[in-house]
Amino acid sequence: MSEKAIVCKDLTKRFGDFFAVNHISFDVDQGEIFGFLGANGAGKTTAMRMLCGLSYPTSGEASVAGYNVFKQQEDIKRNIGYMSQKFSLYESLTVRENIRFYGGVYGLSDKQLKEKGDELITKLGMEKEAKMMVGSLPLGWKQKLAFSVAIIHQPRIVFLDEPTGGVDPVTRRQFWDLIYDAADSGITVFVTTHYMDEAEYCNRISVMVDGRIDALDTPANLKQQFEAASMNEVFYALARTAKRSAD
Amino acid sequence: MKQFMVFVRKEFYHVFRDRRTLLILFGLPVMQILLFGYALTTEIKNAEIIVVDHAGDAASQQLTTMIAASKYFDINASDKSDEDIYKAFKKGKVKCAVVFPIGFGNDLLNGEVAQIQIIADASDPNTAKTLTNYLTAITAEYQQQINPTANIPMRIEPVTRMLYNPELNGSMNFVPGVMALVLMIICTTLTSVSIVREKEMGTMEILLVSPFKPTYVVLAKAVPYLALSLIDLIIILLLAVVALNMPIRGSIILLLLESTLFIISCLSLGLLISSVTRSQQTAMMVSMMGMMLPTILFTGFIFPLENMPWPLQFISNLLPSRWFYVIVKAVMLKGLGIGVIWKETLVLAGMTVLLLTISIKSFKTRLS
């Protein structure tokens, strides 16, 4: 097993003669916060789905948490957490029931569920809301809860697909505190986002353009490389080269 | 296994917290059974009838009394002329008329052929036929009464016996059909909607990224709805027996087993619908409308299949509900055992296996 959380080499996904993901290669270290940027339609979601074991790559190699994406999808699934851009807890279940359900799906024991559940609720300050239907919580709380639930089984890597869409800046900041906590506890965070301020919070960033990775470095290095004052400018400089139109 | 139970429990939470689901689950069967059982029957009760008695003797009066006493007829008028009959028919209030000719009683007593005329409004042929049948039956009964040992040579007297349903109770035919209909709608709608809801909400994605296998997702969805459908089945049977006086002549165990088979085939159909639809509304429309119409048309409980042209008969053979209907009638009304209905059972089982395989396959491929 490698030290790296994710290793990708020439990973490709082709639909007919359309290269959704075109020979991308990158590594992500254990415990790193890795920003996966790109305009809509650049191929981020397709790449992420391959890494999560949801679809088979057309060619190339990749391993996630040390497991092969072609052969060991089941092992990968056991070692990752996932949170999508859509809010994905059950609205008609209470906070605690959601925790118990997702924890249960990952095979946590009753005792672990109780402990983890209590710990999580205390950490989020949701003691009063534990028995409320998730549907009645404000969006920011839901997103924080969804993230906490996604890492309840202490995965090696958590994939976050635009986790903060539609959330106000203050809550986004709080959300990133949770991400830092997770990274501190050794969980690798693989995050896609459209907010460039969030990109600055990442250890390293890759920018996808037309299915390729056109830039990959720390935010500081990228800004230097593109002689830009902010990540926004870096992103525009790269996105302008795109030939594909957004979906 | 524990993961499986966690999932099943979650599914029950969903059902019991959603008023719409509960309404479909428990309101629909009760409503359908009562509606079909009481309101929509082919049985005719209290039809208005005119009696024109030109004979005015004891025999004609006795027969008139018998007609009046039957639950099928209400005597509208009994002292009208022949012309009045046609006026009454034209108004549409009266469905049937009986005319006793002069000398009816004498003819009867002298052993001659005593005739009565029955006139029916055949603009609705089914009603006309049913009413004349009722009247003929009453006349025959009267003959039997006045002359129980009638032994006139060369006289052919048809003795009709209505098997399994001597009272010609309309609900007997409907209940098995409604059972098929209700189970079909409930199972397909609820499974398809509950799976599509997860797709819509984005929770399906989370489940797929989890170590929980897609096949288990399908099964964990099916188990609660199978259990709830069985409860529904019991409600329907109770209503049928208690409220509609339906008999269950065959084995209840057999009935339940056959129903389970049918329910599984409907659940698979629901699953299939869920993998080709994207929104809850579409899934609901497809499973409610798309299933209700063929079930009503081609199951045979409203429109007899025997009279259909062969392409339609062929279509009807493709519906699981058509076979289930035959099975339920055989077990409930005729009290038959598996020895007689094994062929239908085999067809139903074959369809179930086929549907289940196709739906699990399509569910898996749609996801990847």
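The values are calculated or read from the model by the stated rules, or taken from the named source; none is laboratory data. If you're wondering where the values come from, they're calculated on a predicted model, not measured in any experiment. Because the Cβ atoms are built from the backbone with ideal geometry, glycine has one as well, and the counts that use them run over all protein chains shown.
Can you tell me how many residues within the stretch A:44-69 are part of a loop (DSSP other than H, G, I, E, B) and not hydroxyl-bearing (Ser, Thr, Tyr)? Step through it out loud before you land on a result.
Just the residues of the stretch A:44-69 that are part of a loop (DSSP other than H, G, I, E, B), to begin with: A:52-58, A:65-66, A:69.
Narrowing further to those that are not hydroxyl-bearing (Ser, Thr, Tyr): A:52-54, A:57, A:65-66, A:69.
Residues that pass the stated criteria total 7.
Out of the stretch B:114-138, which residues are surrounded by 13 or more Cβ atoms within 10 Å (Cβ to Cβ) and hydroxyl-bearing (Ser, Thr, Tyr)?
B:Thr127, B:Thr130, B:Thr132, B:Tyr134, B:Thr136
Which fully enclosed helices (runs of 4 or more DSSP H) of the stretch B:1-99 have 1 or more residues being in contact (Cβ under 8 Å) with a residue 40 or more places away in the chain? Reasoning before the result, please.
Details: elements: B:2-17, B:19-22, B:28-34, B:58-69, B:82-91.
It comes to B:2-17, B:19-22, B:28-34, B:58-69.
Consider A:Leu89 carefully, then state whether it is within 14 Å of another protein chain (Cβ to nearest Cβ), under 23 Å from A:Leu178 (Cα atoms), in contact (Cβ under 8 Å) with a residue 12 or more places away in the chain and not charged (D, E, K, R). Don't jump to the end; show me each part of the working.
Working: within 14 Å of another protein chain (Cβ to nearest Cβ): yes; under 23 Å from A:Leu178 (Cα atoms): yes; in contact (Cβ under 8 Å) with a residue 12 or more places away in the chain: yes; not charged (D, E, K, R): yes.
The answer is yes for A:Leu89.
Would you be able to tell me the number of residues in the stretch B:237-291 that are buried (at least 20 other Cβ atoms within 10 Å of the Cβ), under 18 Å from the mean Cα position of the chain (by Cα) and of a type in the set (Val, Ile, Thr)?
Final tally of qualifying residues: 1.
Might you let me know whether the stretch B:332-343 holds any residue that is in the same structural domain as B:Thr21 (by TED's automatic domain parsing), among the charged types (D, E, K, R) and within 16 Å of the chain's Cα centre (by Cα)? Please lay out each step first, then the result.
Restricting attention to the stretch B:332-343, the residues satisfying the condition of being in the same structural domain as B:Thr21 (by TED's automatic domain parsing) are B:332-343.
Checking the rest, the ones that are also among the charged types (D, E, K, R) come to B:334, B:343.
Then keep just the ones that are within 16 Å of the chain's Cα centre (by Cα); that gives B:334.
Yes; the residues of the stretch B:332-343 include at least one that is in the same structural domain as B:Thr21 (by TED's automatic domain parsing), among the charged types (D, E, K, R) and within 16 Å of the chain's Cα centre (by Cα).
Give the residue that is farthest from the other protein chains (Cβ to nearest Cβ), with candidates limited to residues of the stretch B:2-16 that are farther than 15 Å from A:Gly103 by Cβ and not hydrophobic (A, V, I, L, M, F, W, C). Break it down stepwise before answering.
Pass one, the stretch B:2-16, residues farther than 15 Å from A:Gly103 by Cβ: B:8, B:11-16.
With not hydrophobic (A, V, I, L, M, F, W, C) added as a condition, the list becomes B:11, B:13-14.
On the way: B:Glu11: 10, B:Tyr13: 6, B:His14: 6 Å.
So, considering only residues that are farther than 15 Å from A:Gly103 by Cβ and not hydrophobic (A, V, I, L, M, F, W, C), the one farthest from the other protein chains (Cβ to nearest Cβ) is B:Glu11.
Of all residues in the stretch A:1-42, which are outside any strand (DSSP E or B) and in contact (Cβ under 8 Å) with a residue 12 or more places away in the chain?
A:Met1, A:Ser2, A:Glu3, A:Gln30, A:Gly31, A:Glu32, A:Ala39, A:Asn40, A:Gly41, A:Ala42, listed by residue number.
Taking B:Tyr86 as the residue in question, decide whether it is surrounded by fewer than 15 Cβ atoms within 10 Å (Cβ to Cβ) and either modelled with pLDDT of 80 or more or among the basic types (Lys, Arg) (or both).
yes
When residues of the stretch A:189-247 are filtered for being of a type outside the set (D, E, K, R), assigned to a helix (DSSP H, G or I) and in contact with a strand residue (DSSP E or B) (Cβ under 8 Å, 6 or more places away or on another chain), how many remain?
Kept after step one, since they are of a type outside the set (D, E, K, R), are these residues of the stretch A:189-247: A:189-196, A:199, A:201-203, A:205-209, A:211, A:213, A:215-216, A:218-222, A:224-226, A:228-232, A:234-239, A:241-242, A:245-246.
Next cut, assigned to a helix (DSSP H, G or I) only: A:196, A:199, A:201, A:219-222, A:224-225, A:231-232, A:234-239.
The next check asks that each one be in contact with a strand residue (DSSP E or B) (Cβ under 8 Å, 6 or more places away or on another chain); those that pass are A:199, A:201, A:219, A:222, A:225, A:231, A:234-235, A:238-239.
Qualifying residue count, the stretch A:189-247: 10.
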